[in-house]
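Colleague: Take this structure first; my questions come after.
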Amino acid sequence: MGPSLDRLLSPTTTYLEWPSCPVLAASSRAIWSARVGRLAARTLLLAHAAGVVVRDVKPHNFSVGLDASDAARPDKVYLLDAAMCMSLADAATAAFSGTPDYASRATLSNPRHRYGPADDLESLAFVVTELQAR
């Protein structure tokens, strides 16, 4: 398993710290973060299909699985922390409790917002945007 997304966003982390992973150029980093985003979205969609929302989508809660033959090509994204996960029915009536930096706009602006899968995906968009920007 590779580094957590949180670790990759650390200003002190360089791609050289990964075992046998080359330094990624800005264009390669954009492609890499898009792949990570796609894999993370698939992970979230599997949770949603099972009737669960994550409610705390942030870099710290995911880890990247690296392809053994090409460390610069992520092949899996793992959800590490499911403490905030809830069933869709329960999440729709629960108060917000998560990381405001990555929360959906509706969640932050409306205390009566019914949390759902779209909020998880919007949070993931913020995470991927941050990955591409670093």
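Colleague: Using the Karplus curve 6.51 cos²θ - 1.76 cosθ + 1.60 with θ = phi - 60°, what ³J(HN,Hα) values do you get for each residue of the stretch 113-127, in whole Hz, with x for Gly and Pro?
Modeller: So the Karplus estimates, Gly and Pro as x, are 4, 8, 5, x, x, 4, 5, 4, 5, 5, 4, 4, 4, 5, 5 Hz.
Colleague: Between Ser97 and His60, what is the spin-label point distance in nm, taking each point 7 Å from the Cα along the Cα→C-beta axis?
Modeller: Result for the modelled spin labels: 1.6 nm.
Colleague: Using r as the Cβ-Cβ distance of Ala89 and Asp67, and R0 as 25 Å, what FRET efficiency do you calculate, to the nearest 0.05?
Modeller: It comes to 0.10.
Colleague: Under a 5 Å amide H to amide H cut-off, with H placed in plane at 1.01 Å, what residues pair with Phe62 once short-range neighbours are removed?
Modeller: When sequence neighbours closer than 5 places are left aside, the close amide H contacts are Leu5, Asp6, Leu80.
Colleague: Continuing with this model, one more query. Using amide H atoms built in the peptide plane, which far-off residues or other-chain residues are under 5 Å from Lys76 H to H?
Modeller: The answer is Gly65.
Colleague: In nm, to one decimal, how far is the modelled label at Leu80 from the one at Ala30, with both set 7 Å along Cα→Cβ?
Modeller: 2.8
Colleague: Something else: Quick one: 3J(HN,Hα) in Hz for the stretch 91-96, Karplus 6.51/-1.76/1.60 with θ = phi - 60°, rounded, Gly and Pro as x.
Modeller: These are the phi-based 3J(HN,Hα) values: 5, 5, 10, 7, 6, 4 Hz.
Taken together, the values in this text are just the output of simple stated rules run on the coordinates, not laboratory data. As the structure is a prediction and not an experimental result, all values here were calculated from the model. Please note: Cβ atoms are built from the backbone with ideal geometry, for glycine as well, and neighbour counts cover all protein chains shown.
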